[in-house]
Amino acid sequence: MEINELINHAKEASKLSYSPYSKFAVGALVTTKDGKYFYGANIENAAYPSGICAERCALYHAYMHGYKKDDLDSLIIIADSDSLPYPCGACRQVISELFPLDGKVFVANFKGDYLQTNIKELLPYIFSSSNLE
């Protein structure tokens, strides 16, 4: 599937956002190598740390359906913003552990701007299980 179609799927996911505090709806889509889609949206809470970002929601959704790091192909993150919605630090850490390091990560906005990157570029000094040995 071409990137614009994937971006449109992520855009649809953003409609499921619960973001009454920030008013910043984010959608995410994880695609698998076997062609499955897993959606995510940011879900906020009055107790701010209790919310979850769209990209973590989509990744956890894939894992809850039995998919693992090597099964995943791309991650698309989109928001209605002038700039591109890069993942926050917590999401970058989760992506670095649960998503292939060279997997395709796209950040996009509703204006049609997008950038393809990967987690190695987004988080060059990854903290991983090897740091715990």
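The values are calculated or read from the model by the stated rules, or taken from the named source; none is laboratory data. Note that the coordinates shown come from a computational prediction; the quantities given were computed from them, not determined experimentally. When we count neighbours, we look across all protein chains shown, and the Cβ atoms used for this are built from the backbone with ideal geometry, even at glycine.
Structure above, values below:
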quantity	calculated
Members of segment 68-91 found to be under 17 Å from residue 53 (Cα atoms) and either of a type in the set (A, V, I, L, M) or surrounded by fewer than 17 Cβ atoms within 10 Å (Cβ to Cβ) (or both), listed by number	75, 76, 77, 78, 79, 80, 81, 84, 86, 88, 89, 90
Checking residue 63 against (1) under 11 Å from the mean Cα position of the chain (by Cα); (2) surrounded by fewer than 20 Cβ atoms within 10 Å (Cβ to Cβ), the condition it does not meet	(1)
Near pairs, Cβ below 6 angstrom, 6+ apart or cross-chain, from segment 61-80 (closer than 18 Å to residue 43 by Cβ) to any residue that is basic (Lys, Arg)	78/11
Any pair with Cβ under 9 angstrom, 6 or more apart, that starts in segment 1-24 at a residue that is assigned to a loop (DSSP other than H, G, I, E, B) and at pLDDT 95 or above and ends at one that is of a type in the set (Phe, Trp, Tyr) and surrounded by 15 or more Cβ atoms within 10 Å (Cβ to Cβ)	16/39
Cβ-Cβ under 9 Å pairs, at least 6 apart or on other chains, segment 35-46 side at positive phi, far side modelled with pLDDT under 95 and exposed (fewer than 14 other Cβ atoms within 10 Å of the Cβ)	35/1
Test: residue in segment 30-42 that is buried (at least 19 other Cβ atoms within 10 Å of the Cβ) and of a type in the set (Phe, Trp, Tyr)	yes
Any chance residue 122 is under 20 Å from residue 39 (Cα atoms) and more than 11 Å from the chain's Cα centre (by Cα)	no
Candidate set: segment 93-133, residues that are of a type in the set (Lys, Arg) and farther than 16 Å from residue 79 by Cβ; chosen: the one surrounded by the most Cβ atoms within 10 Å (Cβ to Cβ)	104
